[in-house]
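Reviewing the structure listed below.
What follows draws every value from the coordinates through simple rules; no lab data is involved. Please read all numbers here as calculations on a predicted model, not as lab measurements. Methodologically, a virtual Cβ is constructed for each residue, glycine included, from the backbone with ideal geometry; neighbour enumeration extends over all protein chains shown.
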There are 2 protein chains.
Amino acid sequence: MLSKSKISFINSLKIKKYRDIHQQFIAEGSKLVMELLRSSYVIKEVYATAPWIIESDQSIVPGTLPVYEIGDWEMAKITCLSSPSPVFALVEIPNPRKSMRDPGSDLVLILDDIRDPGNMGTIIRIADWFGIETVICSENTVDLYNPKVVQATMGSIARVTVIYENLELFLQQLSDKIPVYGTFLGGENIYGKNLDNKGVLIIGNEAYGISREIEKYVTERLFIPSFCSFESEDHKPDSLNASVATAVVCSEFRRRIIR
Amino acid sequence: MLSKSKISFINSLKIKKYRDIHQQFIAEGSKLVMELLRSSYVIKEVYATAPWIIESDQSIVPGTLPVYEIGDWEMAKITCLSSPSPVFALVEIPNPRKSMRDPGSDLVLILDDIRDPGNMGTIIRIADWFGIETVICSENTVDLYNPKVVQATMGSIARVTVIYENLELFLQQLSDKIPVYGTFLGGENIYGKNLDNKGVLIIGNEAYGISREIEKYVTERLFIPSFCSFESEDHKPDSLNASVATAVVCSEFRRRIIR
């Protein structure tokens, strides 16, 4: 049975201010909770329906982890989803800095003010698929632990290290030898470009692209050409969605590894 | 001034049944309405705020098209958006079959039960960017004229021809010489595969992939390899989002044109 104060505590975690105070976030759904249990994330408490508790793989649930059985009507009071899942976890926000990758030896993604939670989660999922283990976000990028972002990562949050930084300071400290890639509506055609699988790759904001302050650090300007045959300037696609562009660019980097 | 019956008529178009009866759909936002005005779509009526009417490029608004000035409070009664735009149009649903491309000479996209409006709109936008002019959808794919789909196309609805078909019948009638590509979690690594820029490319449902009835028509099984270094079967990304996978595959097809 969930107490009123517990319900109110859990619901407060839907707001960034309270996640920061309590250093906890919400994860829902069997796949996501299982992924987090298998990762280095520390789960504080699990709330689940009786069928989930019976069917789940208890071998990965640590003996010290409290798993509370709750009813569907209780789940409805705490869920962020339109159709509640059978399992809900409270998870500790970790300090991610210790597992950050070195852009001198591996490709690191930088997000310059990604605002949409769905895009953000999808980008984390794309990074995971393409083996990009570190994502560095501007301070105005949507919070990783926003429940919609957590959900949209589809479990990839368990494997990708996400760090919030002042991007200008971060880029200033990078060695000159490290390439800084950015995607623009003009630049070098990515398909014919030589791409190193190290350095940083900057993805711009959904509406404004890469900001002016950040653009000056870009050493390699990339663009994804359009194949649309409509010729008029007024009657052609403007751009690709930010997460879609991220996927195309990451795919271009990675395919060169196996050529 | 919008009459009560007009408001009720417009709101009915948010439901597929009424769009089918009236053969009209809703488009909102300056970019989208302008794109539709420049296309072969027939706009029936435009509702706009005074500032939009003053600032818009009147040269592309046909003289016979009624443009009604309405207030923000009236826009709030008909909009589908969380923050209303200054322009709203009622548009005729066209018969798209006349402009369908031949998969014998060009790449055609097939959607096998895409259900999420955001994915559907994003896929149309991707098709537009990569110059894929025809998209054929299974009868259970979300309706193109669902306001969320229209919005997510970001204007690409004005250029891409979308047709709903019984996919089995369509695929049965295809010549043996036309390749039928499908993306799966196993198959030939797309990066090393020879890809013709003609034929059909099938994208499966978000949760279930390509259905069994459709899978048997696939002649070329493709997969996008993951570069995630986590080895365990239980602790790695499952898949890419349907629209993201579409983008990666379309990019792979098109880049070969310019190699």
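Spherically averaged projected area of the convex hull of Cα atoms, the protein assembly as shown: 26.8 nm².
For a distance above 19 Å, tell me the whole-number percent of Cα pairs in the range B:155-259 that qualify. When every Cα pair of the range B:155-259 is considered, 51 percent fall beyond 19 Å.
In a DSSP loop and with at most 16 other Cβ atoms within 10 Å, the trypsin sites (Lys or Arg not before Pro) in the range A:14-51 are A:K14.
Computed over the range A:118-160, the range of Cα coordinates on each principal axis works out to 24, 20, 15 Å, biggest value leading. Rounded to the nearest 5, the antiparallel percentage of DSSP beta bridges internal to the range A:1-93 is 75%. Beta bridges assigned by DSSP with both partners in the protein assembly as shown are antiparallel in approximately 30 percent of cases. Taking a threshold of 18 Å on the Cα-Cα distance, which of the pairs A:K177/A:K216; B:K17/B:K148; B:K14/B:K44; A:K177/A:K198; A:K6/A:K148; B:K44/B:K148 fall above it? Among A:K177/A:K216; B:K17/B:K148; B:K14/B:K44; A:K177/A:K198; A:K6/A:K148; B:K44/B:K148, the Cα-Cα distance tops 18 Å for A:K6/A:K148; B:K44/B:K148. Counts of other chain beta carbons within 10 angstrom of each beta carbon in peptide B:247-256 average 6. What separates the A:I257 label point from its copies, with the point 7 Å along Cα to Cβ, is 2.9 nm, written shortest first. Principal-axis analysis of the Cα atoms of chain A puts helix A:117-129 at an angle of about 80° to the longest axis. Taking the longest Cα principal axis of chain B as reference, the axis of helix B:242-255 is set at about 70 degrees. The overall shape of the range A:191-232 is oblate: from the C-alpha gyration tensor, with semi-axes ordered a ≥ b ≥ c, the ratio a/c is 1.5 or greater and a/b is no larger than b/c.
Average 1/r across all pairs of distinct alpha carbons in chain B, invert it, and you get the Kirkwood radius: 19.9 Å. Where the centre of each part is set by its Cα atoms, how far does the range A:152-201 sit from the range A:50-92, in angstrom? Between the Cα centre of the range A:152-201 and that of the range A:50-92, the gap is 36 Å.
Taken over the range A:4-94, the convex hull of the Cα atoms encloses 97 Å³ per residue. Taking the helices alone, chain A has a mean residue ellipticity at 222 nm of -8500 deg cm²/dmol, built from -39,500 (n - 2.57) per DSSP H run of at least 4 residues and averaged over all its residues.
Counting from the shortest, the label point at A:P51, 7 Å from Cα toward Cβ, is 5.2 nm from the same position in each remaining copy. Label-to-label distances for A:D102 across copies, nearest first, come out at 5.8 nm, using points 7 Å from Cα in the beta-carbon direction. Shielding of peptide A:127-140 by partners, expressed as the average count of other chain Cβ atoms within 10 Å per residue Cβ, is 3. Sparse packing (at most 13 other Cβ atoms within 10 Å of the Cβ) combined with a DSSP loop state is found for the following GluC sites (Glu not before Pro) in the range B:115-176: B:E139.
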